[in-house]
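The values are calculated or read from the model by the stated rules, or taken from the named source; none is laboratory data. Being a predicted model, the structure only gives us computed values, none of them experimental. With ideal geometry, Cβ positions are generated from the backbone for all residues, glycine too; neighbour counts draw on all protein chains shown. Surface areas here come from the heavy atoms of the whole protein model, side chains and all, with no ligands, DNA or RNA. Shrake-Rupley method; radii C 1.70, N 1.55, O 1.52, S 1.80 Å.
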Amino acid sequence: MRHRSVFTHPPAATGLRRFHAPGFVLGLALACGLIAWGQSPHGSAAVAPRTDAGAPEASCANLATGGLGVVVERADGRLALVDRRQHRVITRVEGLGDLSHASVKFSSDERFAYVFGRDGGLTKVDLVCATIDARVLQSGNSIGGAISQDGRIIAVANYEPGGVKLFDADSLELLAEVAARYTRDDGSQALSKVVGLVDAPGNRFVYSLWDADEIQVLDASTLIADEQGASELPAITRFSDIGEKPYDALIDPIGRFYVAGLFGEDHLARLDLWHPENGVEPVLSGYRQGDDKLPVYKMPHLEGWTIANDHAWWPAVGRHEVLMANLDDWRLERRIAVHGQPVFVMSRPDQRQLWVNFAHPDNDVVQVIDSESGEIIRTLTPGQAVLHMEFSPRGEEVWISARDSDQVVVYDTDTFERLATLEAESPSGIFFTDRAHRIGL
């Protein structure tokens, strides 16, 4: 594994523009009600905003955001805006494009949701007014994004044409385009698909290059400093030869370890962001032993890994197992047999339980594992095609989307009682606004 030190890469970063913070006058005008709520202040910086299918029940100026969330209704290209405390859908926001693999990030004040669509659409949604504030089609095929530590920059990972684009979080103005360029074995140049993009402390973004077997760390602080007149391009640290075909990645809750899953290897690739000089190290060696004999129905999402009870818990690729590794040495400690091929392994916020959902054809079941004993303590059937789970901030409830049953089911995580069922059209991702304050989410 080769590690190259930080460098400024002018050919890979283009289109840099001066960063503009929101104006004081505009903020004062909004506070005083001089500009109508729901009207975009950004003019022609992006596609003209659209309104939703219905108006929110609460007044735009008085709706609190701490109890809000969104459910992606993938078939209809819209978001259902929900009140998690009252277990209800408030309204819906239409016109978000292809949401077949959508993810959502939130502004630090919890007012805006940034929706990353599969069609390359980046949409800024005003949760208070239930309107589209700004929208850009920034690529042909996108897989997700992240927001910088200070909330000023949105980064988007692209499949087609590859690379990362950086946008002003306020206006969605393009700040820079970072090409994921690499050299093939035959010496020709190509662009790589970008996967596993996460935010990291220090206004950095970390991501993996599927085609180039590489991890890159992008320092966006130079873009943020640009409002003081700096003109540096983003600095990039490249870690090459990390392993074959990184397909997804994650960052731990404190922002120290970035771990990439490798489709072509029998281990994971870990980068210690506190000590990047140590390069990328293999961890969990041998964890995929035997998968070549099994069909892989769906690649697990590494964003669905978790830390609980001083262990890391992982979905096994192609196996009916959840893997448990000791964080002291990152060695595989235990394999836990489960109902099917796990997709998400998610910890309740207090780390006492792990909730697991599964790939087709076993995706009508959710199992709960006790993090102390490693035993399965409950098997639930929320509906057909369970795609995602989201805990309330303190973990007393979990919301589960069942796409083919057109419903979201809410459970009490202590008693496992079904508390509510919300109607939704082909629901997939569920995202609550407390994610705005957590690294990597």
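Table for the structure above
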| item | result |
| --- | --- |
| Any hit, segment 429-436, residues being surrounded by fewer than 18 Cβ atoms within 10 Å (Cβ to Cβ), aliphatic (A, V, I, L, M) and more than 18 Å from THR306 (Cβ to Cβ) | no |
| Number of the exception - GLU110 against (1) at pLDDT 95 or above; (2) of a type outside the set (Ser, Thr, Tyr); (3) part of a strand (DSSP E or B) | (3) |
| Condition check for SER142: crowded, with 21+ Cβ neighbours inside 10 Å, at pLDDT 95 or above and under 30 Å from GLN189 (Cα atoms) | no |
| Number of the exception - ARG348 against (1) touching a Leu at 6+ places or on another chain (Cβ under 7 Å); (2) at pLDDT 90 or above | (1) |
| Subset tally (residues that are over 10 Å from ILE369 (Cβ atoms), crowded, with 22+ Cβ neighbours inside 10 Å and out of contact with any Gly (no Cβ under 8 Å at 6 or more places or on another chain)) for segment 329-341 | 0 |
| Unique match (being part of a loop (DSSP other than H, G, I, E, B) and modelled with pLDDT of 85 or more) among ILE236, ILE242 | ILE242 |
| Subset of segment 193-209 (residues that are open to solvent by 30 Å² or more (accessible area, probe 1.4 Å) and part of a strand (DSSP E or B)) | ARG204 |
| Count of segment 263-273 residues which are surrounded by fewer than 18 Cβ atoms within 10 Å (Cβ to Cβ) and part of a strand (DSSP E or B) | 1 |
| Residue count, segment 148-167 (criterion: surrounded by fewer than 23 Cβ atoms within 10 Å (Cβ to Cβ) and closer than 27 Å to ARG92 by Cβ) | 1 |
| Segment 347-370 - residue that is open to solvent by less than 10 Å² (accessible area, probe 1.4 Å) and not β-branched (Val, Ile, Thr) and, of those, farthest from GLU425 (Cα to Cα) | LEU354 |
| Count of segment 386-409 residues which are out of contact with any Leu (no Cβ under 9 Å at 6 or more places or on another chain), in contact (Cβ under 8 Å) with a residue 24 or more places away in the chain and either surrounded by fewer than 17 Cβ atoms within 10 Å (Cβ to Cβ) or of a type in the set (Phe, Trp, Tyr) (or both) | 4 |
| Odd one out for LEU127, checked against (1) at pLDDT below 95; (2) open to solvent by less than 10 Å² (accessible area, probe 1.4 Å) | (1) |
| Candidate set: segment 274-327, residues that are modelled with pLDDT of 85 or more and acidic (Asp, Glu); chosen: the one least open to solvent (accessible area, probe 1.4 Å) | GLU321 |
| In segment 233-259, the residues that are open to solvent by less than 30 Å² (accessible area, probe 1.4 Å), more than 17 Å from ILE143 (Cβ to Cβ) and among the aliphatic types (A, V, I, L, M) | ALA235, ILE236, ILE242, VAL259 |
| Hits in segment 159-192 (condition: basic (Lys, Arg) and assigned to a loop (DSSP other than H, G, I, E, B)) | ARG184 |
| Sole residue being in contact with a strand residue (DSSP E or B) (Cβ under 6 Å, 6 or more places away or on another chain) and farther than 30 Å from ASP266 by Cβ, chosen from VAL338, VAL398 | VAL398 |
